[in-house]
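What follows is a set of notes on a single structure, which appears directly below.
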Amino acid sequence: MKIITRIWHGITKKEDADAYLNYLFETGIKDYRSIKGNLSTKVLRRIDHDICHFMTVTEWNSYESIQEFAGEKFEKARYYKEDKKFLLEFEEFVTHFETYIID
């Protein structure tokens with residue numbers, strides 16, 4: 001079976017890590033999960049000295065489902081209004097992988 005995995009990466013200051021995680025759950029994660037074709041949603045977080053890396057890893061049943069979340073230009077990262085309070089940079093694109101489930 002083939003699904004699509006979408007990976008987004010962001011960086012905050014270490015002291016903003018908990019607040020951003022909560023904000024992420026209220027915005028992007030909530031929106032991911034509201035789309036029928038979203039199969040799973042994970043948040044990876046790693047504190048590295050004075051910064052914190054976040055990755056969202058979502059699995060989807062099709063590119064069309066991803067477009068429902070991200071719009072027609074689904075390769076571009078989707079940001080929210082308050083992201084500018086937390087994120088240190090804004091990566092323009094996300095990464096998509098065809099993912100094969102082996103039973």
Can you tell me which residues in region 12-32 are in contact (Cβ under 8 Å) with a residue 40 or more places away in the chain, open to solvent by 20 Å² or more (accessible area, probe 1.4 Å) and either part of a strand (DSSP E or B) or of a type in the set (A, V, I, L, M) (or both)? LYS13, ALA19
Which of the residues belonging to region 91-102 are assigned to a loop (DSSP other than H, G, I, E, B) and without any contact (Cβ under 8 Å) to a residue 60 or more places away in the chain? GLU92, ILE102
Consider region 44-95. How many of its residues are open to solvent by less than 60 Å² (accessible area, probe 1.4 Å), of a type in the set (Val, Ile, Thr) and within 15 Å of ILE4 (Cα to Cα)? 5
Residue satisfying all of: in region 33-43; surrounded by 11 or more Cβ atoms within 10 Å (Cβ to Cβ) and charged (D, E, K, R); nearest to the chain's Cα centre (by Cα) among these: LYS42
When you scan region 33-64, how many residues do you find that are part of a helix (DSSP H, G or I) and closer than 19 Å to GLU98 by Cβ? 2
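The values are calculated or read from the model by the stated rules, or taken from the named source; none is laboratory data. In this text, all values refer to a predicted model and were calculated from it rather than measured experimentally. A quick note on method: Cβ atoms are made from the backbone with ideal geometry, for glycine too, and the neighbour counts reach across all protein chains shown. Surface areas here come from the heavy atoms of the whole protein model, side chains and all, with no ligands, DNA or RNA. Shrake-Rupley method; radii C 1.70, N 1.55, O 1.52, S 1.80 Å.
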